[in-house]
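S.K.: Please read through the structure below; I'll follow up with questions.
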Amino acid sequence: MDNEKIKNIVKDASDAGKKTLSEPVAKEILRLSSISVPIFCVVQDMEDAVKNAEEIGYPVVLKIISPDIVHKSDMHGVSVGIKNSGELEEKMSFMILAVADESPTACIEGFIIEKMAPNGVEVIVGVVKDEQFGPVVMFGLGGAAVELMKDVAFRLAPVDKNEAVEMMREVKGYPLLAGFRGSSAKDIEAVADVIVKLAGMISETDGIKEFEINPLIVHEHGVVAVDARAVLESPGQIKAA
């Protein structure tokens, strides 16, 4: 974990008056924390999007970058499984028009072109600095299921791998990871490693109030964090590394 670079990223964002980190910046913090993220790039226009998608390789995911849009899917700000340049152009045009219609005042900072991750079990890993208890880590089912099922477990951070595995076993959806009705068991050790690293990162980094990976896609071997968001503490209160 490159603590110095992470701290400087957070301080630069805070000094600029930002309240949140964009998805690309949040993913850079994950990368610096040795947590796997998909190959991605940030683009500004259609031509750049098509060029970079060809380099990354289809299928790709297209996402909008905006500090004013928290739930991108609700605003038609995410398109998955794009198979070619024609489809990418179509989806990007639709996305621009849909966001302009539904959130006309939103500031659009660009777009993410991202390699489509293989299907797996979606989980959520989050951390938050509680005013009373300090850093707290959370694990549960990912995607929209976390809001619907509320199937989550909590621990005070930092945690070790044994505590992380205990958290995972507490949620009702754990059999999806362990192997359910003939499905293959997923990489529980890799998930535990992400929980430990994310809990350690927030414990050691001033300025981050919340950090969430949702979803973290779990495969038979390995995991990948396909979406991430971070909320900062009050700007201008963070010391440089």
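S.K.: Give me Rg over Rh for segment 27-137, both radii from the alpha carbons and Rh done the Kirkwood way, two decimal places.
M.R.: Computed over Cα atoms, the ratio is 1.03.
S.K.: Still on this model: Pull out a ≥ b ≥ c, the square roots of the eigenvalues of the alpha-carbon gyration tensor of segment 75-214, then state rounded if a/c is under 1.5, prolate if not and a/b is larger than b/c, and oblate in the remaining case.
M.R.: oblate
S.K.: Just to verify a number: FRET efficiency for residue 185 and residue 94, C-beta to C-beta distance, R0 = 45 Å, to 0.05?
M.R.: Efficiency computed from Cβ-Cβ geometry: 0.70.
S.K.: Full-extension gain between residue 2 and residue 83, please, as 0.36 nm times their residue separation minus the C-alpha to C-alpha distance.
M.R.: Residue separation times 0.36 nm, minus the Cα-Cα distance, leaves 25.6 nm.
S.K.: Expressed as cubic angstrom per residue, what is the convex hull volume of the alpha carbon set of segment 1-81?
M.R.: Cα-based convex hull of segment 1-81, divided per residue, equals 113 Å³.
S.K.: Residue 129: which aspartates and glutamates have alpha carbons under 16 Å from its alpha carbon, excluding same-chain residues fewer than 8 sequence positions away?
M.R.: Hits, sequence-local ones excluded: 204, 206, 210, 212, 233.
S.K.: Under a cut-off of 24 Å between alpha-carbon atoms, report the lysines in cross-link reach of residue 91, not counting same-chain residues fewer than 8 places apart.
M.R.: Straight-distance partners of residue 91: 27, 51, 63, 72, 83, 115.
S.K.: Still on this structure, please answer the following. Work out, step by step, the length gained on full extension between residue 204 and residue 70: first 0.36 nm times the residue separation, then minus their alpha carbon distance; give nm to one decimal.
M.R.: Contour length minus the Cα-Cα distance gives 45.7 nm.
S.K.: In straight Cα distance, which aspartates and glutamates are under 13 Å from residue 150, not counting same-chain residues fewer than 8 positions off?
M.R.: 170
S.K.: On to the next question. Please report, in whole Å, how far the alpha carbons of segment 133-222 spread along each principal axis, starting with the longest.
M.R.: 44, 26, 19
S.K.: May I ask you to derive the FRET efficiency for residue 169 and residue 45 from their Cβ-Cβ distance with R0 = 35 Å, giving the value to the nearest 0.05?
M.R.: That pair, residue 169 with residue 45, gives E of 0.15.
S.K.: Continuing with this model, one more query. From the helices alone, meaning DSSP H stretches of at least four residues, give me the mean residue ellipticity at 222 nm for the chain, per-run term -39500 (n - 2.57), in deg cm²/dmol to the nearest 500.
M.R.: Here the helix-only value at 222 nm equals -11000 deg cm²/dmol.
S.K.: Additional query: Taking only the alpha-carbon positions of the chain and ignoring solvent, what does the Debye formula give for the base-10 log of I(q)/I(0) at q = 0.11 Å⁻¹?
M.R.: Taken in order of the listed q values, log10 I(q)/I(0) reads -0.59.
S.K.: OK, next. What accessible area, in Å² to the nearest ten, does a 1.4 Å probe give for residue 196?
M.R.: Using a 1.4 Å probe on the heavy atoms, I get roughly 40 Å².
The values are calculated or read from the model by the stated rules, or taken from the named source; none is laboratory data. Owing to the predicted nature of the structure, the values given are computational and were not obtained by experimental measurement. Positions of Cβ are generated from backbone atoms using ideal geometry, with glycine treated the same way; all protein chains shown enter the neighbour counts. With ligands, DNA and RNA removed, areas are computed over all heavy atoms of the protein, side chains included. Shrake-Rupley method; radii C 1.70, N 1.55, O 1.52, S 1.80 Å.
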